[in-house]
1. Measuring from label point to label point, each 7 Å out along Cα→Cβ, what is the residue 286 to residue 217 span in nm?
2. Considering just Cα atoms, how many Å³ per residue does the convex hull of region 142-295 enclose?
3. Is region 224-327 best put as rounded, prolate or oblate by its Cα gyration tensor, with a ≥ b ≥ c the root eigenvalues, rounded for a/c under 1.5, and otherwise prolate when a/b is larger than b/c, oblate when not?
4. Could you sort 345-354, 197-206 so that the peptide with the highest average Cβ count within 10 Å comes first and the rest follow in order?
5. Provide the three semi-axes, in whole Å and in decreasing order, of the ellipsoid equivalent to region 136-184 as defined by the square roots of 5 times the Cα gyration tensor eigenvalues.
6. Once a ≥ b ≥ c are taken as the square roots of the eigenvalues of the Cα gyration tensor of region 151-208, is the result rounded (a/c under 1.5), prolate (a/b larger than b/c) or oblate (a/b not larger than b/c)?
7. Once the Cα atoms of region 270-355 are picked out, what are the Rg and Dmax in Å?
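Bear in mind these aren't lab numbers, they're just calculated from the coordinates by the rules spelled out. This structure is a prediction, so every number in the text was calculated from the model and none was measured. In this analysis, Cβ positions are derived from the backbone assuming ideal geometry, glycine residues included, and neighbour counts consider all displayed protein chains.
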């Protein structure tokens, strides 16, 4: 049997990425799975645009078209805000604990782990700063993600542009995407956190309750790759957001997995419906806030055509959409070099409209 690592070298925080991609910068979905069936073994590896794709995905039930509900999941009790520490002359930061546990698996979804709060240095008047909410990229879209050092290149440019940033984790990180037991454990935790929407809600609530410098009318969701998929899903469920920024998202999660969802269902009950319910294309008509979409033409991980089609569909329903492309840079570097600067320009325009 083939070794999945020869296709997708495993990264420290889980997920299998195309070899040409830098650490933590890619993979909306890149996944290897060994599933025991009838005494035999089925190996399936998928990476959108690179891996295997056969036919169409299994059909979800009608229930999968319903939005997630999570009002029954209480947010954490936030501790008193501590003292910010200087990361650079342009950035101060603070790590915020959400509970005693930090491994991504909690008795109550979202009550554990950490947030990272970044602020520009200096004193800021109440409600004077716009804010970016962002989670880490690199999930396989059926599991969560912890924050790591490799995430900071996606955080700091916003702070240097005088935005507050709150980075948050997603329940159910996967350490081994070839272990069916680990994949099921990750999936169950991620599913209990409503595809990370509980985590996103907690981050937003922390900003509203504890970060008086932030203007509640200028809070945006942002993300790259799998985190872009999550940001769009969050914007489809959270009317308090001022806008959403998505770099190279996976728009249609079931299509991305294809028939592998049938195999996954042996280990992850309800995964066919969950993939559809957690997919941005399912709830497109709920996306009402201004939207910035970015994609590189030479991205071999997530297809640009799906992002373009999604932008066209949003425009047809009357949404405020800006779609920007880059000629080169691939899945990750294009976001760092071209996407974030273009998004910050777009943010400035959104901020001016609100004044």
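1. Spacing of the two 7 Å Cα→Cβ label points: 2.6 nm.
2. 116 Å³
3. oblate
4. Peptide ranking by packing, descending: 197-206, 345-354.
5. Over the Cα atoms of region 136-184, the ellipsoid semi-axes are 28, 9, 7 Å.
6. Oblate, because a/c is 1.5 or more while a/b does not exceed b/c.
7. Rg then Dmax for region 270-355, in Å: 14.4, 46.
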